[in-house]
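To keep things clear, I will list the structure first and then write my remarks on it.
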Amino acid sequence: MGTNKIIIFKKFKEQFHLKTFKQYLIEQKKQQLDNWQDLLAENEMLRIGVELLGKIESLEPSSEALIVGGSCRDILLGKKPKDIDIAGNVPIKIIKKYFRTADIGQSADFGITAILYKGFVYEYATYRSDIF
């Protein structure tokens, strides 16, 4: 890795660790979705998923939850998401206390559970970093 790339990575890492991930994203330029309200109106799973984000974020003052993964890609590409994955900082044990959940094999060991909410299944994962 070149020196410039290392410096950029270190600056990003310093900035990232000084804030929550959500705060970092808010400060960055985001792609504007002019049709967001239309997407919510057309896709019940997405609309209820956004509602679920609010419920998760209301659990504790510092709680945060974000839609992540392939559903974000699909939305940006104009496709209908097949599922909605959520990542957040609320521990699985608290999620299980407030929501109907189901374990997904050994996924609980990795901080992943399924939230059963209003007829839909949302995979929820706690933030983590993978080191290779």
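For the reader, a short list of remarks on this structure follows.
- All positions within segment 111-128 that are at pLDDT below 95 and loosely packed, with under 12 Cβ neighbours inside 10 Å: 128
- Residues of segment 69-80 that are of a type outside the set (A, V, I, L, M, F, W, C) and touching a strand residue (DSSP E or B) at 6+ places or on another chain (Cβ under 9 Å): 69, 70, 71.
Yes/no per residue for (1) of a type outside the set (D, E, K, R); (2) modelled with pLDDT of 90 or more; (3) surrounded by 16 or more Cβ atoms within 10 Å (Cβ to Cβ); (4) touching a helix residue (DSSP H, G or I) at 6+ places or on another chain (Cβ under 6 Å):
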| position | (1), (2), (3), (4) |
| --- | --- |
| 35 | yes, no, no, no |
| 42 | no, yes, no, no |
| 58 | yes, yes, no, no |
| 61 | yes, yes, no, no |
| 106 | yes, no, no, no |
| 109 | no, no, no, no |
| 130 | no, no, no, no |
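The values are calculated or read from the model by the stated rules, or taken from the named source; none is laboratory data. Being a predicted model, the structure only gives us computed values, none of them experimental. In this analysis, Cβ positions are derived from the backbone assuming ideal geometry, glycine residues included, and neighbour counts consider all displayed protein chains.
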